[in-house]
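Notes follow once the structure below has been shown.
No lab work stands behind these numbers, since they all come straight from the coordinates. Keep in mind the model is a prediction, meaning the values are calculated, not measured. Cβ: placed from backbone, ideal geometry, glycine included. Neighbour counts: every protein chain shown.
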Amino acid sequence: MKKKLILFFIIFIFPIFVNAKLASVDTSHAKIELLVETNEIVVNEDFIIGIKFEIEPGWHIYWKNPGDSGLPAEIQWKNAGSIEFKKLLWPSPQKTPEEPLMTYGYYDEVVLPAIFSVDSAYIKNGPSIFEIDFLICEKICIPEKAVIDFDLSSYSKEDIQFSREILSSWYSELPINFDRKLFVEASDNYLSIEWENKNNDITQAYFFPENKGLIKYSSKQDFYNLENSTKLIVERPIKYSNNAQNAIGVLEIQFAKTKQTFQIDQSISYVDRIEIPGTSNLSFAVAIILAFFGGIILNIMPCVFPVIALKVMSFVRESSEKNAWRHGLVFGLGVELSMLALLSLTFIFRNLGQAVGWGWQLQSSVVSTLLSLLFFSIAFILLFKVEIGTSFTKLGNLGSKSTGYLNSLLLGCLTVIVATPCTGPFMGAAIGWGLSQPLHVSSFIFLSLGFGVAFPTMFLSLIPSSLILLPKPGEWMVKVGQVMSIPMLLTAIWLAWVVQRQSGFIGLRDLLIALLLIITSLSIYKMNHLRIINRFLSFSAAILGVFYIIFSYDAERISTPKELIIGESWETAKVNQYRSEGKNVLVNFTADWCLTCKVNEAVVFNSKFFKESVSNGNIIYLVADWTNYDPKITEELEKYKRGGVPLYLYWKKDTKNPKILPAILSKQIFNEYTR
């Protein structure tokens, strides 16, 4: 039978394809042909002209709603005034991502059927001109115009048959009407599309909106198979939210073996909040409380340990002052201002399309390098007793000549910069909830977090009796300062390791060059800082070191993928695959600059008992490395209302939703959660 079909195609169909001569034109990156179903035009009846694009590999054109950027194709039939263009029929689009943006369009080949009609004044007047304006993109975008000499009467029967064959195949690519019950809700932050699905057989879903501004195009779209339905949730844009009456677009649904696309047009019900299945939905009051206690606990996290040294030195000096409480309040002010500044920058980058979360500043090797230089400098100042009255000493009263309130303010700023990459108990849920809220709500959450960070320091400074317990300033402080240089030096070395992991040995080389300039600067200053020439040379060397790091940065300089000691690299597809195979799956969202993550890995994930569990196949271990910017990981963190790392998700076999493990792990805690 198969041989007969092939023979039939060769005898009857192939000659038609060979002999077909269609109106066409070649542009720089595409070939366009016009397909017709008939050349007998009937007055007041619709007829279709198919616009076939053969697109150069790697290039694409755009759908009717192009997404974050782009323009859809536009057509014009000239010299035919009695012909009315009604609309284009758009096949289901593809995602055409252009990081950090998301656009929709078509690669390789597409046919856009265009519907026309003629009135009673139509006269077959021979050749006319068909114009198509479209934007075609690869790494760059080029506006192109196709001008085609077109005459319906010139199409032979073979041409029409050939056109019908192609158009017929592309009609099947048009989305069909959705015949299931559908509910659409929208809040200020999310759009939810839920439909009846008793079989729970959907493996992927995606919504292509026709409404511009309805959703945040670059955001990950998460779907949830519930008891008798499936729910798709996507983030909405903060600034340009379009309060449309209906959600119109294409819903793409992937089943186990097939993929279908559906045209939907459903009224939107606007609500205050959309519940996300399988995640914690905190109230404002609970988030405030969790943020406060999370901030308090953050003081004893490994990220903050180096700054504790500065706090101790600062309190010893302030204990002799009558107005020491003011330093505590100014320190708290520095913490709160830094929190608001960091939150504002986070929202700015998110509105620009960057998927960033809490701790994003250390995803830049420039920031990691500058912080490493800062801690090397502090360690040098403490170890070699460099007295700088107007510069680095303001980061914690490190020199004997510094007494102003600016010291405490800058120390509060430094505390936030170093502390925020870590996420402790209570803090992760509060931050994740806060980042999903409007800016004014998030501000209260982060102010509460900052108040928790500053609370122990402010408490000690506001109660004079607590300061009396501290020893009076003296020569012993120099010795203690030299001891305190050790954690500063260890932190600097750790950050240097992070730089190497982020940008390879080239980044580490740049750090060492800048460090040499900084050490030269401090050495010149220590030799004789009273001489103007010494001060000038010292300042110049320091500025040169900082500028060298900033201007030598190359955004493309990212180290090669790291080899994992244990486990596999995380991908959503891997999680779905292993879960469908009925296996226990653990995902570790981590980063090299997160000290809490590294401690947990040393205690639990690099232990002998855990490695045996992985090697025996009891647990599938996947690692999502957030050391460098990765929008997919950021979106996954936001899905579980977490703004930063660490995050540990554990799916026990045959369960739908994961368990979220605590941010601080021990072997006992891990075993309790994974039983």
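Viscosity 1.567 mPa s, temperature 4 °C: what is the translational diffusion coefficient of region 501-589 from Stokes-Einstein with a Kirkwood Rh over Cα pairs, rounded to a whole number of µm²/s?
For the chosen part, D equals 76 µm²/s.
Mind listing which GluC sites (Glu not before Pro) in region 137-201 are in a DSSP loop and have 16 or fewer other Cβ atoms within 10 Å?
Loop-located and lightly packed - Glu138, Glu173.
Can you order the peptides 507-516, 635-644 by their average number of other Cβ atoms within 10 Å per residue, highest first?
635-644, 507-516
Based on the Cβ-Cβ distance of Thr258 and Ile486, what FRET efficiency does E = 1/(1 + (r/R0)^6) give at R0 = 51 Å, to the nearest 0.05?
0.25
Limiting things to C-alpha atoms, what are the Rg and the maximum Cα-Cα separation (Dmax) for region 135-179, in angstroms?
So, for region 135-179, Rg and Dmax equal 16.4, 42 Å respectively.
Could you list the square roots of 5 times each eigenvalue of the Cα gyration tensor of region 22-112, that is, the equivalent ellipsoid semi-axes, sorted largest first and rounded to whole Å?
28, 15, 11
So how do Ile248, Ile193, Ile463 line up by other beta-carbon neighbours within 10 Å, fewest first?
Lowest to highest Cβ neighbour count: Ile463, Ile248, Ile193.
What length, rounded to one decimal in nm, is gained on full extension from Asp554 through to Leu530, with 0.36 nm per residue of separation minus their alpha-carbon distance?
In short, 4.8 nm is gained.
Show me the ranking of peptides 597-608, 426-437, 265-276 by mean Cβ neighbours inside 10 Å, starting with the highest.
426-437, 597-608, 265-276
When the chain is fully extended, how far beyond the present Cα-Cα distance does Asp151 get from Thr38, taking 0.36 nm per residue of separation?
Net length gain for the segment: 39.5 nm.
Out of the chymotrypsin sites (Phe, Trp or Tyr not before Pro) in region 188-254, which ones are loop residues according to DSSP with at most 15 other C-beta atoms within 10 Å?
Sparse-neighbourhood loop chymotrypsin sites (Phe, Trp or Tyr not before Pro): Tyr240.
Could you give the C-alpha radius of gyration of region 15-174 expressed as a fraction of 2.2 N^0.38 Å, taking N as the number of residues it contains?
That ratio works out to 1.05.
What FRET efficiency would be calculated for the residue pair Asp119, Ser168, taking the C-beta separation as r and a Förster radius of 22 Å, to the nearest 0.05?
Using R0 = 22 Å, I get an efficiency of 0.20.
What per residue convex hull volume, in Å³, do the alpha-carbon atoms of region 177-270 yield?
So the per-residue Cα hull volume is 88 Å³.
Quick one: work out Rg over Rh on the C-alpha atoms of region 568-673, Rh as Kirkwood radius.
0.93
Based on other C-beta atoms within 10 Å, arrange Ser69, Ser368, Ser569 from fewest to most.
Ordered by Cβ neighbours within 10 Å, fewest first: Ser569, Ser69, Ser368.
Arranged by the count of other C-beta atoms within 10 angstrom, fewest first, what order do Trp90, Trp170 take?
Ascending number of Cβ neighbours within 10 Å: Trp170, Trp90.
Between Lys583 and Glu74, what is the label-point separation in nm under the 7 Å Cα-to-beta-carbon projection?
If labels sit at Glu74 and Lys583, their model points lie 5.3 nm apart.
Taking a cut-off of 14 Å, what percent of all Cα-Cα pairs in region 155-218 are separated by more than that?
75
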